[in-house]
1. Of the residues that sit in the stretch 120-145 and are aliphatic (A, V, I, L, M) and within 30 Å of Glu51 (Cβ to Cβ), which one is nearest to the chain's Cα centre (by Cα)?
2. Scan the stretch 142-155 residue by residue and report those that are over 17 Å from Leu91 (Cβ atoms) and either of a type in the set (A, V, I, L, M) or touching a strand residue (DSSP E or B) at 6+ places or on another chain (Cβ under 8 Å) (or both).
3. Filter the stretch 132-161 for residues that are closer than 19 Å to Thr44 by Cα, touching a residue at least 24 places away in the same chain (Cβ under 8 Å) and among the polar types (S, T, N, Q) and give the result.
4. Picking from Glu70, Glu157, Glu103, Glu110, which residue would you name as being touching a His at 6+ places or on another chain (Cβ under 7 Å) and charged (D, E, K, R)?
5. All but one of (1) farther than 23 Å from Leu57 by Cβ; (2) surrounded by 15 or more Cβ atoms within 10 Å (Cβ to Cβ) hold for Thr150, so report the exception by its number.
6. Out of the residues in the stretch 123-147 that are of a type in the set (S, T, N, Q) and under 23 Å from Phe23 (Cα atoms), which is surrounded by the most Cβ atoms within 10 Å (Cβ to Cβ)?
7. Select from the stretch 120-153 the residues that are in contact with a Phe, Trp or Tyr (Cβ under 8 Å, 6 or more places away or on another chain) and at pLDDT below 95 and write down the one among them that is farthest from Gly26 (Cα to Cα).
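The values are calculated or read from the model by the stated rules, or taken from the named source; none is laboratory data. Remember, predicted model here, so these are calculated numbers, not experimental data. For neighbour counting, all protein chains shown are included, and Cβ atoms are generated from backbone atoms with ideal geometry for every residue, glycine included.
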Amino acid sequence: MMRRLVLGALLAGACLAAQAHRFHAGITDISFNPGTGSIEVVHTYMAHDIEALLANLYQRQFDLSDPQDEAVLRKYVDKQFYLLAADKSRLPLRWVGVTTNVESVVIYQEIEKTPLASAVRVHDEVLSDFLPDQVNTVNVNHGGKIGTLTFDRNKTEQLLP
């Protein structure tokens with residue numbers, strides 16, 4: 001009897017683990033830092049999704065603490081996420097860095113000495129080219145007023161709120 005209980009508990013745990021990652025989502029926060037005069041962009045993605053993307057693109061494992069591997073991620077993010085000015089030109093996002101843990105990958109970017117009003121559109125296709133059900137949420141903080149945009153495979157560019 002005890003053996004069946006233990007086996008049942010193990011099977012239940014395995015089922016929960018298999019169902020734990022049924023959605024694919026990313027969150028990006030955009031804000032203006034009055035201390036630096038810069039637009040700050042912080043992206044948070046599930047580590048498993050970033051690892052799967054890079055492994056799929058390059059058929060190898062990645063270690064984002066390695067500068068060369070981080071550069072590969074940077075190139076991908078620079079292609080898939082950008083802010084546009086009124087004249088439709090890309091604003092120069094500078095890669096600040098990345099932090100990782102078992103659960104998430106956090107990417108830091110900034111546009112130096114630029115007011116938030118300079119950015120009028122956002123383009124976000126990070127992971128949606130790889131994961132059909134990927135949903136990216138972008139929160140824009142305009143001096144305490146927060147506007148939220150949602151992006152997916154079919155909606156990749158929007159006006160900033």
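1. By that ranking, first place goes to Val126.
2. Gly143, Ile146, Gly147, Thr148, Thr150, Phe151, Asp152
3. Answer for the stretch 132-161, where residues must be closer than 19 Å to Thr44 by Cα, touching a residue at least 24 places away in the same chain (Cβ under 8 Å) and among the polar types (S, T, N, Q): Gln134, Asn136, Thr137, Asn139, Asn141, Thr156.
4. Glu157
5. (2)
6. Of everything passing the filter in the stretch 123-147, Asn136 is surrounded by the most Cβ atoms within 10 Å (Cβ to Cβ).
7. Step by step, filter the stretch 120-153, then rank; the result is Gly143.
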